[in-house]
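Structure record follows, encoded as structure tokens.
The values are calculated or read from the model by the stated rules, or taken from the named source; none is laboratory data. All values reported here derive from a predicted model rather than from experimental measurement. Note that we place each Cβ from the backbone using ideal geometry, even for glycine, and neighbour counts take in every protein chain shown. With ligands, DNA and RNA removed, areas are computed over all heavy atoms of the protein, side chains included. Shrake-Rupley method; radii C 1.70, N 1.55, O 1.52, S 1.80 Å.
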Amino acid sequence: MSQKPPSDILDRRRFLGAAGLAGAGALLPIAAKAGEAAKPDPAITELQDWNRFLGDGVDKKPYGVPSKFEKDVIRRDVSWLTASPESSVNFTPLHALDGIITPSGLCFERHHGGVAEIDPAQHRLMINGLVDTPMVFTMDDIRRMPRVNKVYFLECAANSGMEWRGAQLNGCQFTHGMIHNVMYTGVTLKTLLDQAGLKPNAKWLMLEGADSAGMNRSLPVSKALDDVLIAFAMNGEALRPENGYPLRAVIPGWQGNLWVKWLRRIEAGDMPWQAREETSKYTDLMPDGRARKYTFVMDAKSVITNPSPQAPLKFKGRNVLSGVAWSGRGTVKRVDVTMDGGRNWREARIDGPVMDKSMVRFYVDFDWNGEELMLQSRAIDETGYVQPSKAELRKVRGVNSIYHNNGIQTWLVHPDGVTENVEIA
């Protein structure tokens, strides 16, 4: 505990506590049960330690951290998903967030060889292959180029992948938490490619990371020249190491595996590279045994974050339903919500900025009297695409895939407010 304040300050606080707060307490009693007299609420009638003693000074935490009372708002993993934590994933706590920007320290992680700790002074980005002039850029070179700031979602293609055969994990952090939405700062990939000069026969790029996995993916030149960024900052500060420091690719609206972190090389070629992560992995196994390749776009999707299994309903009466929606094909135009398993739908209120290939936040204010609820949301994007039910998705895709599950999620709210992951037959 911090040292006590000077006596004159303490005396004034005692005066305010005795005269002001006690008087307020007479007007603000704790709600009484039937037949009982109302009791004063000590949270307002009594001085708390934080009213009485000095707090930490400005030099205590040079880099700010969340309140100790928010200690449970953290990324979490599922230990049995992968063989080792170096090639694994943890999940964004969607149920504990609001708005559309994911705090940098809560953005989910997906690694194939652990986090690379790179000295930016020693980091280089090379562009070679089918270019007029092969080039090597330092971080200082890149920072002196024209900058852009864009807010985009990043979703792993395997987000919700455990749910293909039925309801599995009890919490939207685990069913939908392989996603985040942040502001990126960097330069357009087109700026870099223009300096190197793409040859006319260059149709694909190979992006390669500097991590121990040597992560690489093929990217069509048409996308690269459209809206791809090479980012060195997120949410106003340098990238975190787990998110690709000092340099990463940002491929708006496309699956996260393409967003190569710790980016060190871009090679131009006339065909895709058939890398491991686009042949044996990140392909969609169909019911007839064939696999779809290069299914880059993340289709419209949504999830109700509150109520949800990690954020049950606690109070009867007025409540706020909240969630997020996104689409890799553009903006989300509408989100519908049902509380009775799809019999009746209502349009949710989208609040906050609506941007291309970015999350939106939606709300429904409602009264709850303890009845059972069957909650679902569905997103509709600017192309007219409507998020499908899981049954509709399975009719086309079957249940053998891992990736691109954008089916409608169902939460069952019990009369006591406890909420669980279920499916409607």
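Things to note:
- Once each of the GluC sites (Glu not before Pro) sitting in a DSSP loop with at most 14 other beta-carbon atoms within 10 Å is removed, the chain keeps 118-370 as its longest stretch.
- Distance between the pseudo-spin-label points of residue 86 and residue 371 (7 Å out from Cα toward the beta carbon): 5.5 nm.
- Over the chain, Cα pairs under 8 Å with separation of 6+ residues give a relative contact order of 14 percent.
- Nearest-0.05 FRET efficiency for residue 74 and residue 39, computed from C-beta distance (R0 41 Å): 0.70
- Cα convex hull volume per residue for the stretch 274-331 (Å³): 141 Å³
- Accessible area (Å², 1.4 Å probe, nearest 10) - residue 315: 140 Å²
- Subtracting the Cα-Cα distance of residue 65 and residue 420 from their residue separation scaled by 0.36 nm leaves 124.7 nm.
- Remark: the stretch 123-186 carries a charge dipole of roughly 140 debye about the Cα centre, counting +1 on each Lys and Arg Cβ and -1 on each Asp and Glu Cβ.
- Length-normalised contact order for the stretch 67-169 - Cα pairs under 8 Å, 6+ apart - percent: 17 percent
- Mean sequence separation of contacting Cα pairs (under 8 Å, at least six apart), scaled by the length of the stretch 145-248, corresponds to a relative contact order of 26 percent.
- Positive end of the dipole of the chain (Cβ unit charges, origin at the Cα centre): among 332, 238, 193, the Cα lying farthest that way belongs to 193.
- Stokes-Einstein D for the stretch 79-202, Kirkwood Rh over Cα pairs, 10 °C, 1.306 mPa s (µm²/s): 90 µm²/s
- For Cα Rg over 2.2 N^0.38 Å, the value calculated from this model appears in [x] 0.96; [y] 1.16; [z] 1.04 under label [y].
- Per residue, the chain exposes an accessible area of 48 Å² to a 1.4 Å probe, with every protein chain left in place.
- Separation of alpha-carbon centers, the stretch 326-360 and the stretch 382-425, rounded to whole Å: 15 Å
- Projected area, mean over directions - the stretch 57-99, Cα convex hull, nm²: 5.1 nm²
- Shown here for the stretch 342-425: trypsin sites (Lys or Arg not before Pro) in loop regions (DSSP other than H, G, I, E, B) with at most 14 other Cβ atoms within 10 Å, namely 343.
- For the Cα trace of the stretch 151-274, dividing Rg by the Kirkwood Rh returns an Rg/Rh value of 1.01.
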